[in-house]
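Please read the structure below before turning to the comments.
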Amino acid sequence: MEQAVSAKKRHNLRVLFVDDEQSIADLMRSELPRMGHTATIRQTASSAIEAINNNSFDAAIVDLRMPGGSGWDVIDHLRKHSPETDYIISTGHGSMDDAIRGIRMGAYDFLPKPVSLFEISSALDRIGEKKSLQNKALALESRLERVEGRSDLIGNSPPMQRVHKLIEKIAPTDSAVLILGETGTGKEMVARRIHDMSDRRDAPFVPVNCGALPESLVESEFFGHRRGAFTGADTARTGLFEVANGGTLFLDELGELDKSMQVKLLRFLESGEVRRVGENEPIHVDVRIVCATNRELEEMVTEGTFREDLFFRVNTFEIHLPPLRERLDDIPRLALHLIGRHLKREQIPPTILPAETIQILQAHHWSGNVRELSNVLEHALILSDGTRILPEDLPRSVTRGPHASRHAESNTVRTPALAVAEETPTTLRDMETRMILNALKKYEGDKPKAARELGIALKTLYNRLNQIEPHRDAG
């Protein structure tokens, strides 16, 4: 084999290299890391099969003829137990029949010996490109499931101008960002904007709601798992950190993570490595972390429910997203934008919002912020004639005046659906809604405590809240 030319590779793959020749094994033990990959070297079929049972690999390079077993045995085991692994056959004794057999079995490439390091590097680079495209597809699927909009941040009021300027300065860096703001202010939209203005814009943006993940599956969702790592793990799973490789991972509701996951997140921020559940070998990923919360993390640090070292790690830059009531001048333009999203139209004539309607919208307190405004406008569009939204098309909670709205805000936690808690329940669903909202009010929006009070799982609580008020990203 020829000497490798030092070059920076775009992809970090976990590579299993199987060859009984000592000199080749020693060479690849040093050269694969120089190419930017994590190498596991095995010199017998049985030890390679053992490695496959204990770890997951992105790629495998397998010699066919070895003492004590055949490379075909390794390939058969890969196909059955690690189908996501792309494998390359490299042999000095291969025939045309071997090449045809390998291709029919799904081999990514067939490299007859002597093979150059350049050929190996090129083949692994192509596999890396393929993996990257697969991760982008997974990220896109995740985003489509959320029926997302564009990363438009609407508003030129002084508070929003400060947000825009801060995003422009932060986006080109790789620094961690913590977005703070009330529920419904559009924290995910800020995170998307940071991603879209960064050098990572062509890589995945992966949003995760930390509070909506079942506690027993958070680690698997974040870091992935190998097949058979636990009961029900019938196939290997790629974690969200790997899906976001090269891009941005947005951790919403960061304050809902338990202490054990806080430790694992801190470890990643310090090392850049993750470890799949059930595996020993770490995986290096290049991910920018952007976090958001509507909880007071500093208070949680004082209470001992959030790690101080993690707080400082995620808080390199802070963006405070203002509530809608502090940027009422943005409402006319923001309302037109939201109406356009509801109607799936780019251009909306300003005449759809008469002056008297805008006046009422600007007088409301907007305890649920942009998300509440979006729901109010959807309600009004249904009742209107489609050309103008009149005051009578707005919900009573908005038209009854700013003083009543402020009174309702003082008696509810920060989400628009909580106004329902003040009404008299008339159905079983209404009673359930009232119990949920009153529990949230009692614990000041702390969902884990409210779920324990109600005797339901945290994920069940999120499902119920989504039924009360469908999640809509806006802002």
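According to the square roots a ≥ b ≥ c of the eigenvalues of the Cα gyration tensor, what is the shape class of region 14-134, taking rounded for a/c under 1.5, prolate for a/b larger than b/c otherwise, and oblate for the remainder? Rounded, because the longest to shortest axis ratio a/c is under 1.5. With the highest mean first, a sort of the peptides 189-195, 436-442 on other beta-carbon atoms found within 10 angstrom per residue produces 189-195, 436-442. In a simple Cβ point-charge model (Lys, Arg +1; Asp, Glu -1; nothing else charged), the chain has a dipole of about 620 debye relative to its Cα centre. For region 146-320, the dipole from Cβ point charges (+1 on Lys and Arg, -1 on Asp and Glu) about the Cα centre works out to 420 debye, to the nearest 20. Report the local net charge at THR235: Lys and Arg +1, Asp and Glu -1, summed over other residues whose C-beta lies under 12 Å from its C-beta. It works out to a net charge of +2.
Scoring 64-70, 182-188, 44-50 by mean Cβ neighbours within 10 Å over their residues and listing the highest first yields 182-188, 44-50, 64-70. Qualifying chymotrypsin sites (Phe, Trp or Tyr not before Pro) in region 172-239, where qualification requires a DSSP coil assignment and no more than 14 other C-beta atoms within 10 Å, comprise PHE230. Put in order of Cβ neighbour count within 10 Å, fewest first, the listed residues LEU334, LEU310 become LEU310, LEU334.
When the Cα positions of SER198, ILE436, GLY239 are compared along the charge dipole of the chain, ILE436 comes out farthest toward the positive end, with charges on each C-beta of Lys, Arg, Asp and Glu.
For CYS291, CYS210, the sequence from fewest to most other C-beta atoms within 10 Å is CYS210, CYS291.
Translational diffusion coefficient of the chain at 25 °C, 0.890 mPa s, Stokes-Einstein with Kirkwood Rh over Cα pairs, in µm²/s as a whole number. Rounded, D is 97 µm²/s. Only one residue of ALA355, ILE283, PHE57 has its Cα farthest out toward the positive end of the dipole of the chain, where Lys and Arg carry +1 and Asp and Glu -1 on Cβ, and that residue is ALA355. Of all DSSP bridge pairs formed entirely within the chain, close to 15 percent run antiparallel. Distance between the 7 Å Cα→Cβ label points at ASP430 and GLU129: 6.2 nm.
Packing, as the average of other Cβ atoms within 10 Å across residues, places the peptides 322-331, 448-457 in the order 322-331, 448-457, highest first. What's the local net charge at LEU213, with K and R +1, D and E -1, over the other residues with C-beta under 14 Å away? In short, -3.
For region 109-128 and region 362-382, compute the distance between their C-alpha centroids and round to whole Å. Using only Cα atoms, the two centres lie 58 Å from each other. Of LYS80/LYS113; LYS259/LYS449; LYS165/LYS259, which pairs sit farther than 23 Å apart, going by alpha carbon to alpha carbon? Pairs exceeding 23 Å: LYS80/LYS113; LYS165/LYS259. Farthest towards the positive end of the charge dipole of the chain, among the residues LEU269, PRO214, ILE127, is the Cα of PRO214, using unit charges on the Cβ of Lys, Arg, Asp and Glu. Annotation for region 246-261 versus region 44-64: alpha-carbon center distance of 33 Å.
Each value in this text was obtained by applying a stated rule to the coordinates, not by laboratory testing. Nothing here was measured: the structure is a model prediction, and the numbers come from that model. We place every Cβ from the backbone using ideal geometry, glycine too, and count neighbours over all the protein chains shown.
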